[in-house]
1. Need at least 3 residues that are modelled with pLDDT of 85 or more and among the charged types (D, E, K, R) per element, so show me which helices (runs of 4 or more DSSP H) inside the stretch 59-171 make the cut, counting only ones lying wholly within it.
2. Go through L192, L209, L220, L129 for me and flag whichever is among the aliphatic types (A, V, I, L, M) and either closer than 24 Å to R66 by Cβ or surrounded by 16 or more Cβ atoms within 10 Å (Cβ to Cβ) (or both).
3. Scan the stretch 109-124 and tell me whether some residue there is touching a residue at least 24 places away in the same chain (Cβ under 8 Å) and of a type in the set (S, T, N, Q).
4. Restricting to the stretch 80-108, give me the number of residues that are basic (K, R) and over 20 Å from the mean Cα position of the chain (by Cα).
Amino acid sequence: MLLSALALSGVRPALAEGVVRRRLDSLVADGVDSGRRRPGGAASGNGFRFGNRWFRRFTDRKAGDRDLPDLVDQIIRSLRSGESLPHAIRSAAAARTADDHRRLVADLDAGVPVGEAITNWGAAAGSPLRDLAAVALGLAATSGGSVATVLGGVSESLRERIALEREVRALSSQARASAMVMIVAPVGFAFLGASADSRVATLLLTRPLGWACCIAGVSLNAAGGWWMSRMIAGTK
């Protein structure tokens, strides 16, 4: 809701996501500090920190992918206004809040060759879209020529791929929901059966035959879930 409110107020999406991320960091830090004051707080604090790091990596990658066309467009505008490619890249990256962009700015400020800095920036995300942008910028840094025109084509390609990924996610949402139901349903039926008839619970929990059935069921359920997830992932 905070992100939507910031967007409606006219704040740029990249800046709004940075504000939301800093707010989340402060809330997580408060949770870690309060957890440390309670028994068992160290373990809960570690869990908070791990969850925060995972969430930040995930959101940084997704937000970074969505922002790539705008990043390339800003570089193009700077180039057409007469700036050099390293300065244009630095200006565009400095306007973003993600850690990868900050490292790119730091590398350029430290005198790292622009090609090497771009390669490091592309490898940091592990994203195919970021790889495409990094390759295009790297070629522009070494080959010269009509850089703005080439980057314009790359920007359009990035937008098309982002739109295609969104369409694929929308079309595969029903398949994901069906797969989740098929994974969860056997567990739910087993729980309901054990709750309705104590003999079922006794068989499953105290008899070797029941243990074997549980192990076989969980194994088959896990294998089916893995298989369905691979089928869904293959559509991307």
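The values are calculated or read from the model by the stated rules, or taken from the named source; none is laboratory data. Computed from a predicted structure; not experimentally measured. So basically every Cβ, Gly included, is an ideal-geometry build from the backbone, and we count neighbours across all protein chains shown.
1. Ranges flagged: 99-109.
2. On the way: L192 fails: either closer than 24 Å to R66 by Cβ or surrounded by 16 or more Cβ atoms within 10 Å (Cβ to Cβ) (or both); L209 fails: either closer than 24 Å to R66 by Cβ or surrounded by 16 or more Cβ atoms within 10 Å (Cβ to Cβ) (or both); L220 fails: either closer than 24 Å to R66 by Cβ or surrounded by 16 or more Cβ atoms within 10 Å (Cβ to Cβ) (or both).
Among L192, L209, L220, L129, only L129 is among the aliphatic types (A, V, I, L, M) and either closer than 24 Å to R66 by Cβ or surrounded by 16 or more Cβ atoms within 10 Å (Cβ to Cβ) (or both).
3. no
4. The initial filter retains those residues of the stretch 80-108 that are basic (K, R), namely 80, 90, 96, 102-103.
Then drop every residue that is not over 20 Å from the mean Cα position of the chain (by Cα), which leaves 80, 90.
The number of residues fulfilling the criteria is 2.
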